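Trainee: Supplied in structure tokens, the structure appears directly below.
The values are calculated or read from the model by the stated rules, or taken from the named source; none is laboratory data. Just so we're clear, the structure is a prediction, and the values are computed from it rather than from any experiment. Glycine gets a Cβ as well: all are built from the backbone with ideal geometry, and neighbour counts include every protein chain shown.
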Amino acid sequence: MTENTSSSLSPKTLPPLLRLTEAAATRLQNLYASAHAGQLLRVSVTTRGCSGHSYDMTFVNQSEVGDEIVKDRGVTFLVDRKAVLFLIGSQMDYQESDLESGFVFRNPNEKGRCGCGESFHI
């Protein structure tokens with residue numbers, strides 16, 4: 001007979017809602033200091049695309065009721081309350097190449113993406 005050595009169950013802590021890479025934080029700081037001074041980035045998940053969901057980012061002047069205020073790497077941004085469950089544990093990066101640049105998401109909740117990479121499903 002084996003003895004259970006765990007004394008009690010501790011509640012699991014959720015991972016951070018949405019983390020930024022250093023590149024994403026730097027890009028957002030630059031945008032906040034220039035073209036979007038006084039605004040905040042609002043991240044949401046919309047229904048569209050081949051796979052059903054797509055990331056959407058807009059600059060807003062103020063938060064909406066229920067928005068999560070996220071602070072990471074010295075940058076503040078918003079997450080739409082309807083997107084929270086889709087994004088828990090995700091990371092937002094900013095990538096540049098010879099032909100394109102933009103924010104990309106690494107989301108551990110994704111189960112797949114469409115062929116063009118514009119939408120995902122959970």
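Trainee: Are there any pairs, at least 6 apart or on different chains, whose C-beta atoms fall under 6 Å, with the first in segment 57-85 and within 18 Å of PHE103 (Cα to Cα) and among the acidic types (Asp, Glu) and the second at pLDDT below 95 and assigned to a strand (DSSP E or B), and if so, which?
Mentor: Filtered contacts from segment 57-85: ASP80/SER44.
Trainee: Out of the residues in segment 73-93 that are of a type in the set (A, V, I, L, M) and not in a strand (DSSP E or B), which is modelled with the lowest pLDDT?
Mentor: The extreme case among them is LEU85.
Trainee: Out of the residues in segment 49-67 that are under 19 Å from ALA24 (Cα atoms) and at pLDDT below 95, which is surrounded by the most Cβ atoms within 10 Å (Cβ to Cβ)?
Mentor: Filtering segment 49-67 for residues that are under 19 Å from ALA24 (Cα atoms) and at pLDDT below 95, the one surrounded by the most Cβ atoms within 10 Å (Cβ to Cβ) comes out as TYR55.
Trainee: I'd like the residue in segment 23-73 that is of a type in the set (S, T, N, Q) and in contact with a Gly (Cβ under 8 Å, 6 or more places away or on another chain) and, out of all such residues, is nearest to LEU85 (Cα to Cα).
Mentor: Across segment 23-73, the extreme among qualifying residues is SER51.
Yes/no matrix, rows are residues, columns are (1) among the acidic types (Asp, Glu); (2) under 10 Å from the mean Cα position of the chain (by Cα); (3) under 23 Å from ASN109 (Cβ atoms):
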{"position": "GLY38", "(1), (2), (3)": "no, no, no"}
{"position": "ARG42", "(1), (2), (3)": "no, yes, yes"}
{"position": "THR58", "(1), (2), (3)": "no, no, yes"}
{"position": "GLN62", "(1), (2), (3)": "no, no, no"}
{"position": "VAL65", "(1), (2), (3)": "no, no, no"}
{"position": "GLY74", "(1), (2), (3)": "no, no, no"}
{"position": "ALA83", "(1), (2), (3)": "no, yes, yes"}
{"position": "PHE86", "(1), (2), (3)": "no, yes, yes"}
{"position": "GLN91", "(1), (2), (3)": "no, yes, yes"}
